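The values are calculated or read from the model by the stated rules, or taken from the named source; none is laboratory data. Model, not experiment: these values are computed from the prediction. All Cβ positions, even for glycine, are placed from backbone atoms using ideal geometry, and neighbour counts span all protein chains on display. The area values use the complete protein model at the heavy-atom level, side chains included, leaving out ligands, DNA and RNA. Shrake-Rupley method; radii C 1.70, N 1.55, O 1.52, S 1.80 Å.
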Amino acid sequence: MGFTKLLSSVNLGRVNPGRILGYYSRAASTECGAVSGKDVTKEIQDSSSHGNKSGLVLGVYEEKDKFELTPAAEEINQKSGGKICRYLNELSSELRLGKAFVVTDVVPEFGPVAISCLGKKDPGYNKLEELDETKENVRVMVGAGVCALSERGVARVAVDAAREPHAASEAAALAAWRFEEFKSSGDKHEEIQLSLYGSEGKEEWDKGSVYGQAQNWARYLSDMPANKMTPVDFAQAALDTLCPLGVTVTVHEREWLEAQRMRGVLGVAAASCEEPLLLECAWRGASHSPVLLAADGITYDSGGLCLRSAHKLRGSRGAAGAAVVLAAIRALAQLKVPLHVRAVIPLCEQLVSGRCLKPGDVLPALNGLHVQVEDTDLESQLLLADALVYGQTVYKPSLVVDVACLTQGVPAATGGGAAAVVGNSARAWGALAAAGAREGDRPWRLPLWEYYRRQLVDDPAVDLRNKGSGTATICKGAAFLRHFVCGDWLHIDTSGVRRGGAAYLRAERASGRPTRTLAAFLEDAAAAAPGSGTAQQ
């Protein structure tokens with residue numbers, strides 16, 4: 001319904017974006033993570049004075065100088081006698097995508113109501129952006145509204161899904177989440193209870209909530225300080241969370257690693273007092289050949305003897321790749337996705353002592369190659385080499401996907417806009433790109449050319465170097481891993497997406513990206529798998 005039409009029904013006339021009436025006194029305006037004051041009518045009273053801690057997020061479409069309410073916003077507008085139109089008339093000059101204004105005294109069942117902009121109506125898929133903008137605009141709208149209400153201490157929030165309940169639920173969960181693990185109980189924000197406004201799309205809303213909560217778990221695992229999320233703590237978190245969902249979790253200790261001759265994992269972990277582990281997870285949702293997920297589980301990375309700068313050391317905690325893999329498996333298990341998935345994750349710390357790896361050391365890999373360690377800060381490649389060879393030998397997967405932070409080349413290239421992807425399967429890449437476009441967390445493909453492989457094997461003294469020559473660090477890192485893969489494979493590099501990246505994610509905290517993209521990719525793979533059956537625990 002057009003906004004100009006709504007205005008005429010309550011005798012307010014057409015929206016004039018430049019006209020703000022002088023008798024307005026206070027309203028809250030926010031973008032995600034920030035709050036500021038704006039003018040609204042004096043007759044509005046703060047809902048907290050009435051003890052009403054239920055809030056509502058409503059969406060508004062924007063088309064040049066016209067606005068259109070969503071069906072939910074139109075319903076509330078009619079119930080309130082045209083108050084939404086009235087407020088919108090006054091706030092329209094500042095209302096834009098990613099911004100929300102909080103008003104009160106709209107309808108009795110809700111206190112604060114966040115009016116949030118959706119941008120253009122149904123923009124669809126943007127080929128240049130490689131993004132489903134309809135879904136992403138809903139996420140931005142919902143995220144801005146939930147953040148605005150969160151800042152006002154609202155305990156319960158109903159959300160206008162704007163015909164995209166899956167996307168709306170994801171954004172609501174992500175925007176409402178806070179990392180407050182070490183705050184005194186009196187200083188913590190009250191956990192927000194989220195719900196769908198109306199009954200249409202409840203199933204998709206619940207599914208989106210699973211995706212959002214899975215990513216929040218990845219954020220938690222990645223954001224915990226290194227002394228509170230050691231390899232043992234990380235493995236325990238996996239056991240506690242995944243086992244009740246039907247996922248089989250196995251933890252192997254040092255003796256097992258030594259028996260398997262995983263020299264890469266043992267070499268990286270040699271300087272730490274924390275014992276290295278290898279974590280295996282299995283979700284048997286079907287009986288076909290599994291998808292193998294591998295990840296680096298570096299819970300703290302000093303860089304070893306190639307010590308990182310003080311600035312980088314402060315952010316070196318968090319096994320982001322491992323967190324994403326576990327969170328994706330959690331989503332699959334909660335949704336009972338008919339897919340067989342195996343995960344292999346080495347867990348350790350890399351510190352500095354007289355026992356740590358030295359530049360120039362040579363390690364024998366599980367597949368017989370001798371690897372020269374030229375840069376100890378490129379340790380993820382050593383962990384993944386062991387994990388990939390072991391996982392493929394034991395499980396004979398149909399597809400291999402590894403998730404890791406290999407180098408700092410990705411954030412320099414993309415600025416956090418996308419996770420870099422390198423692989424040898426065009427079909428798998430296309431499916432991952434489609435999942436990322438849907439989920440609003442896009443991957444970006446980089447080349448896997450012979451040119452980069454040659455830069456790693458040009459030393460006649462060893463089979464392979466972990467750094468090599470040239471400057472294309474991410475492409476060389478993937479070329480290194482290619483020596484340990486013998487089937488269809490994708491490498492997802494998370495080094496550029498570890499923090500922030502969207503309006504509904506807090507910029508200063510861990511992002512858990514690209515959990516939703518990986519989960520959606522695996523769910524699509526289950527749908528495409530021949531003869532996939534029901535879950536067999």
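Side notes on the structure shown:
- Cross-link reach list, lysines versus LYS188, counting only Cα pairs under 21 Å and skipping chain neighbours closer than eight places: LYS53, LYS228
- Backbone phi angles across region 489-502, fed through the Karplus curve with coefficients 6.51, -1.76 and 1.60 (θ = phi - 60°), yield HN-Hα couplings of 7, 10, 10, 10, 9, 9, 4, x, 10, 6, 9, x, x, 8 Hz in residue order; Gly and Pro are listed as x.
- Using just its DSSP H runs of length 4 or more, each adding -39500 (n - 2.57), the chain gives a mean residue ellipticity at 222 nm of -10500 deg cm²/dmol after division by all residues.
- Within the chain, longest stretch clear of exposed GluC sites (Glu not before Pro) (DSSP loop, no more than 15 other Cβ within 10 Å): 254-507
- Global form of region 259-394, assessed from the alpha-carbon gyration tensor, a/c cut-off 1.5: oblate
- The lysines within cross-link reach of LYS336, meaning a Cα-to-Cα straight distance under 26 Å and a gap of 8 or more places when in the same chain, are LYS135, LYS202, LYS207, LYS396.
- Amide H contacts under 5 Å for LEU464: HIS370, GLN372, restricted to partners 5 or more places along the chain or on a different chain, H placed in the peptide plane at 1.01 Å from N.
- Normalised by the number of residues in the chain, the mean separation of alpha-carbon contacts (under 8 Å, six or more apart) gives a relative contact order of 14 percent.
- Rough spin-label spacing in nm, given labels placed 7 Å along Cα→Cβ, for CYS243 and PHE182: 2.7
- The longest part of the chain holding none of the exposed loop chymotrypsin sites (Phe, Trp or Tyr not before Pro), meaning those outside H, G, I, E and B in DSSP with at most 13 other Cβ atoms within 10 Å, is 183-448.
- Across region 154-251, the relative contact order, built from alpha-carbon pairs under 8 Å that are at least six residues apart, equals 32 percent.
- Potential lengthening between ARG163 and ASN227 on full extension [0.36 nm per residue; Cα-Cα distance subtracted]: 18.7 nm
- Paramagnetic reach from SER309 (point 7 Å along Cα→Cβ, amide N under 17 Å) across region 394-428: 407-413, 415
- Evaluating 6.51 cos²θ - 1.76 cosθ + 1.60 at θ = phi - 60° for every residue in region 244-257, the Karplus couplings come out as x, 8, x, 8, 7, 10, 10, 10, 9, 9, 3, 4, 5, 4 Hz, glycine and proline recorded as x.
- In this simple spin-label approximation, GLU129 and ARG445 carry label points 7 Å from Cα along the Cα→Cβ vector, and these lie 2.2 nm apart.
- Entry comment: accessible area of the chain is 39 Å² per residue, from protein heavy atoms only and a probe of 1.4 Å.
- Residues whose amide H comes within less than 5 Å of that of PHE67, counting only those at least five positions distant or on another chain, are PHE3, THR4 (H built at 1.01 Å from N in the peptide plane).
- Between ALA412 and VAL457, the C-beta separation translates, for a Förster distance of 22 Å, into a calculated FRET efficiency of about 0.30.
- Difference of contour (0.36 nm per residue) and Cα-Cα distance, HIS370 to ALA259: 38.1 nm
- Of all accessible heavy-atom area on region 362-477, the percent that carbon and sulfur account for (1.4 Å): 55
- Hz values of 3J(HN,Hα) by residue in region 451-461 - Karplus curve (6.51, -1.76, 1.60), Gly and Pro given as x: 3, 7, 4, 4, 6, 9, 10, 8, 9, x, 7
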